[in-house]
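Engineer: Before I ask anything, here is the structure I am working with.
The values are calculated or read from the model by the stated rules, or taken from the named source; none is laboratory data. Please read these numbers as outputs of a predicted model, since none were measured by experiment. Every residue, glycine among them, receives a Cβ derived from its backbone with ideal geometry; neighbour counts consider all protein chains shown.
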Amino acid sequence: MSSQHDPHTSSVDTAAADSAAVGELTERDLAIIEFESVWFTLDENRHDAIRARFSCSVEDYNLELNRVIDHPAALLADPLVVRRLRRQRERRRRALLDGAAAGEHA
């Protein structure tokens with residue numbers, strides 16, 4: 001038997017692994033990612049849409065959203081949306097920390 005590496009097999013294996021990783025996300029997790037990609041096109045208020053679609057408070061939704069975007073498989077589901085959400089979260093955290101630090105020195 002040859003011990004040479006077959007590039008076609010590895011891409012199939014990688015695709016299968018990616019598919020399995022996305023499979024680790026629940027339908028609700030995937031729905032949250034999908035909602036975040038389209039909510040701004042809706043004719044309803046974001047908070048109202050969250051309550052209607054996910055039957056939870058906005059606070060609970062945001063906790064769940066943060067958990068979902070931290071999941072490694074989320075990047076495979078929709079890399080652009082997940083990266084955007086992570087950047088926005090980091091900006092908000094930095095602004096909060098900068099504001100708190102400025103308030104301590106004032």
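Engineer: Any residue in the stretch 38-58 that is closer than 23 Å to residue 76 by Cβ, at pLDDT 95 or above and among the aliphatic types (A, V, I, L, M)?
Structural biologist: yes
Engineer: Next up: Among the residues of the stretch 54-106, write down those that are closer than 14 Å to residue 31 by Cβ and either loosely packed, with under 10 Cβ neighbours inside 10 Å or over 17 Å from the mean Cα position of the chain (by Cα) (or both).
Structural biologist: Once the filter is applied, which keeps residues that are closer than 14 Å to residue 31 by Cβ and either loosely packed, with under 10 Cβ neighbours inside 10 Å or over 17 Å from the mean Cα position of the chain (by Cα) (or both), the stretch 54-106 yields 55, 56.
Engineer: Would the stretch 35-45 turn up any residue that is touching a residue at least 40 places away in the same chain (Cβ under 8 Å) and not aromatic (Phe, Trp, Tyr)?
Structural biologist: yes
Engineer: Which residue pairs have Cβ atoms under 7 Å apart, sit 6 or more places apart or on different chains, and have a first residue in the stretch 83-102 that is within 16 Å of residue 68 (Cβ to Cβ) and at pLDDT 95 or above and a second that is surrounded by 10 or more Cβ atoms within 10 Å (Cβ to Cβ) and of a type in the set (Asp, Glu)?
Structural biologist: 85/36
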